[in-house]
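See below for the structure under consideration.
Quick note: the coordinates plus some simple rules give every number you see, no bench work behind them. Since this is a predicted model, take the numbers as computed values, not measurements. Every residue, glycine among them, receives a Cβ derived from its backbone with ideal geometry; neighbour counts consider all protein chains shown.
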Amino acid sequence: MTAQILTWWTILRICIEERIVYRGDFALGTLMRFLPIVTQIFLWTAIFAAAGTGSIKGYTRNEMVAYYLLVMLARAFSSMPGLASGVTLQIRNGEIKKFLIQPIDLITFLLLGRVAHKMVYYLVAAAPFALVFFFCRNYFSGWPEPGVIAAFVISLVLGFLLGFFLEATIGMIGFWSLEVSSLLFIYMLFNFFFSGHMFPLDILPEPWFTLVDYLPLKYLAYFPAAIFLGKVSGPELVWGLLVEAAWVMLFIISSRFAMRNGFNRYSGYGG
Amino acid sequence: MQRGTTTVRDNEIRGETCSSSWAKYFQVFWTFARNSLIRDMTFRVDFIIQLISSTSFVIMNLGFYLLIYQYTNSIAGWSKFEFFVFIATTMLVNSIVQAFFMPNVQEFSELIRTGGLDFALLKPIDTQFLISLQKVSWPSLGNFGVALILLFYSLGHLSAGAPSWIGLLLYPVYVFTGAIILYSVMIALAATSIWLGRNQSLYDFWFYITNFSRYPMGIYDGQWGTPLRQVFTFAIPILIVINVPAGLLAKPFDPDYWYLALFAVVATAVSFWASRRVFQRALKSYRSASS
């Protein structure tokens, strides 16, 4: 047990050090990611000005801007850049072999690497995030209740796990098909539109909203933001978190299942 | 007059008559385009998948604006079909940039890092021309077709009636100048990677900056918006890239777009010239990476 924890700790430390090497690029990239928010603020201001009504489907302009800011935060947890494509690349170039001969579990290794990646990210991104939220504090109508904040934090952590295991599962498809870049593109596309990254999902007309509501993608961006803004509350909120946890379990199992079957299928050639 | 390797090659080309050197450059470009098409056609399924995936992105994006126009009649004075003309213009300009320039400029920073730029410098042809155009990404032109369909469909539904002939004539010209402005920003940014070594955020940076150009300039209004609009119109002229051609077609009676159209000619020339200067300056600081 202690040996196991020591291994995990070593992996985590190596991954953190690896990340810190590129901190300059990292910090710059983080700041730039806020630029689209600027255009979103202007776009929605223009839309609300022309619509003439104070609210669209229950969102005021301020709530809309707050929504986009919160989605940025949610995506800072749930987005997994390069995870699935990294796995498929390792399968294609044979690097995956090392997990077959070393006593390290592939998914655990990837998860620890991702945790390290995110920890360094939050360290670097905390300042720009705080700055942007401070400047935009007027778009928020004060802090929600502690219970809501707790649910919000839980949804962020679950969002991280869901994003990780969902993308890890997709990456494992690389065992069956060597070229999955187009599949990844389609996933990215769906993710972009139906996670709530592009717009709050509840402004969708029926039957679209009900349809999207059944997909796990909404937990990656829409759901945490909706919790914070008080769009979901009470039993609906508890039920949502439970369903999210169930999705996480499902994708933990499916990624394990796909990995085991993939390893059985895998054949490595050459040196 | 610039000194250095580029000038030597420029002079070689200038030694010939001007028209024959233009013809030669066109011929070289034609070969690049043909080779790229042959390569794309070798992996036909991949080609089709790329076509479908880039088109589906565009269609989903269109869905987003259809959704928005459920709740409003206009965005910054652009009615639904006027705005669709705007989106079609964005798609046209972007597909040109993505087909001709993006795959090359993205590779440029890699050429610097690996020292592969040596080979480009040795060739008896203008280096900027070579590294900017040697690959054509044909699947990116799929959006060009979708954009044309959307454009003509939207033009038929404009409340102001059919656009003027002069607008239709000028439209392709300004789509082209728009692509040139975006290219200029891109190549100037790429050239900085000669100074900075590796610059991974480069493409992101270009994307985030040009993201401002994808909306009608009227949305940038108010205390923060107006200065922002002025900077992106007059300092880095990315707001005129889409707004001018789209405005000329969809809003032919708004005099603002005609003034901007005049300005766009100057802005295109200046940005292209300035980016070329940046590129040539950066080349002078290039020290090969390998050997």
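For A:E206, project a label point 7 Å along Cα to C-beta. Then give me every residue of segment A:46-87 with its amide nitrogen under 19 Å of that point.
Output list for this probe position: A:57-59.
Report, in degrees rounded to the nearest 10, the 0 to 90 angle that the Cα long axis of helix B:142-156 makes with the longest principal axis of chain B.
The helix B:142-156 is inclined about 30 degrees to chain B.
Can you work out the base-10 log of I(q)/I(0) for chain A at q = 0.08, 0.09, 0.14 1/Å, using the Debye formula on its C-alpha atoms alone?
The computed values of log10 I(q)/I(0) come out as -0.37, -0.47, -1.08.
Mind checking which of A:I203, A:P146, A:F192 is farthest towards the positive end of chain A's charge dipole, using Cβ charges of +1 (Lys, Arg) and -1 (Asp, Glu) about the Cα centre?
Towards the positive end, the residue furthest out is A:F192.
Can you tell which of B:V175, B:W258, B:L121 lies farthest toward the positive end of the dipole of the protein assembly as shown, using +1 and -1 charges on the Cβ of basic and acidic side chains (Lys, Arg; Asp, Glu)?
The Cα lying farthest towards the positive end belongs to B:L121.
In nm, to one decimal, how far is the modelled label at B:A160 from the one at B:L37, with both set 7 Å along Cα→Cβ?
3.7
Given the options B:F32, B:F100, B:F86, state which has the largest fluctuation in a GNM of chain B using a 10 Å cut-off (strictly under) for Cα springs.
B:F32
Based only on other Cβ atoms within 10 Å, what is the fewest-to-most ordering of B:M186, A:M32?
Taking fewest neighbouring Cβ atoms as first place, the list is A:M32, B:M186.
Given a Förster distance of 22 angstrom, what is the FRET efficiency for B:F234 paired with B:F176, based on the Cβ-Cβ distance and rounded to 0.05?
0.55
What full-extension length gain, to one decimal in nm, is calculated for A:W176 and A:I20 as 0.36 nm per residue of separation minus the Cα-Cα distance?
52.7 nm
Work out the length of the dipole vector of the protein assembly as shown about its Cα centre, built from +1 on the beta-carbon of each Lys and Arg and -1 on the beta-carbon of each Asp and Glu, and round it to the nearest 20 debye.
So the dipole magnitude of the protein assembly as shown works out to roughly 1140 debye.
What ranking do A:C136, A:C15 get, fewest neighbouring Cβ atoms within 10 angstrom at the top?
A:C136, A:C15
Applying the Karplus parametrisation 6.51 cos²θ - 1.76 cosθ + 1.60 with θ = phi - 60° to the phi angles of segment A:69-81, what ³J(HN,Hα) value in whole Hz is obtained for each residue in order, glycine and proline being reported as x?
Taking θ as phi minus 60°, the curve returns 5, 5, 5, 4, 5, 4, 6, 4, 8, 8, 7, 10, x Hz for segment A:69-81.
Considering only A:L217, A:L242, A:L69, give the residue with the highest GNM mean-square fluctuation for chain A, with springs between Cα atoms whenever their separation is below 10 Å.
A:L242
Rounded to the nearest 500, what is chain B's calculated 222 nm mean residue ellipticity when only DSSP H runs of at least 4 contribute -39500 (n - 2.57) each, over all residues?
After summing the helix terms and dividing by residue count, I get -24000 deg cm²/dmol.
Output the 0 to 90 degree angle, nearest 10, between the alpha-carbon long axis of helix B:240-250 and the longest principal axis computed from the alpha carbons of chain B.
Approximately 40 degrees, to the nearest ten.
Got a sec? Charge dipole of chain A, +1 on Cβ for Lys and Arg, -1 for Asp and Glu; which of A:L158, A:I91, A:F129 is way out at the positive end?
A:I91
Among residues other than A:P200 whose Cβ falls under 12 Å from its Cβ, what is the net charge (Lys/Arg +1, Asp/Glu -1)?
+1
Given the convex hull over the Cα atoms of segment A:159-255, what projected area results after averaging over all orientations, in nm²?
That works out to 6.5 nm².
Would you work out the charge dipole size for chain A about its Cα centre, treating the Cβ of every Lys and Arg as +1 and the Cβ of every Asp and Glu as -1, and quote it to the nearest 20 debye?
Roughly 480 debye for chain A.
Taking the square root of 5 times each eigenvalue of the Cα gyration tensor, what semi-axes in Å does the equivalent ellipsoid of segment A:1-82 have, largest first?
After diagonalising the Cα gyration tensor, the semi-axes are 41, 16, 7 Å.
What spacing in nm lies between the two simple spin-label points modelled at B:Y259 and B:L169, each 7 Å away from Cα in the Cβ direction?
Placing both labels 7 Å beyond Cα along the Cβ direction yields 2.4 nm.
Amide H of B:V136: which non-local residues (sequence gap of 5 or more, or other chain) have their own amide H closer than 5 Å, using H built in the peptide plane?
B:S36
For segment B:57-179, max minus min Cα coordinate along each principal axis, in Å, sorted largest first?
Per principal axis, max minus min of the Cα coordinates gives 56, 32, 24 Å.
When each pair of different Cα atoms in the protein assembly as shown is counted once in the 1/r mean, what is the Kirkwood radius in angstroms, to one decimal?
In the protein assembly as shown this quantity evaluates to 26.2 Å.
Quote the convex hull volume per residue of segment A:1-160, based on C-alpha atoms, as a whole number of Å³.
Measuring per residue, one finds 160 Å³ for the Cα hull of segment A:1-160.
Can you work out the base-10 log of I(q)/I(0) for segment B:9-284 at q = 0.07, 0.17 1/Å, using the Debye formula on its C-alpha atoms alone?
-0.28, -1.47
Just add up the charged neighbours of A:K218: K/R +1, D/E -1, any other residue whose Cβ is under 11 Å from the Cβ of A:K218.
Result for the local shell: -3.
Dividing the convex hull volume of the Cα atoms of segment B:98-254 by its residue count, what figure in Å³ per residue is obtained?
137
Work out the length of the dipole vector of segment B:9-284 about its Cα centre, built from +1 on the beta-carbon of each Lys and Arg and -1 on the beta-carbon of each Asp and Glu, and round it to the nearest 20 debye.
400
Rounded to the nearest 0.05, what FRET efficiency is calculated for B:W273 and A:F134 with R0 set to 56 Å and r the Cβ-Cβ distance?
The calculated FRET efficiency here is 0.85.
Taking chain B as a Gaussian network, where each spring joins two C-alpha atoms under 10 Å apart, which residue of B:A191, B:A147, B:A120 fluctuates the most?
The residue that fluctuates most here is B:A120.
Take A:E244, A:E236 and order them by how many other Cβ atoms sit within 10 Å, fewest up front.
Fewest to most other Cβ atoms nearby, the residues stand as A:E236, A:E244.
When the Kirkwood radius is taken over all Cα pairs of segment B:53-105, what Stokes-Einstein diffusion coefficient follows at 37 °C and 0.692 mPa s, in µm²/s?
My calculation gives 268 µm²/s for D.
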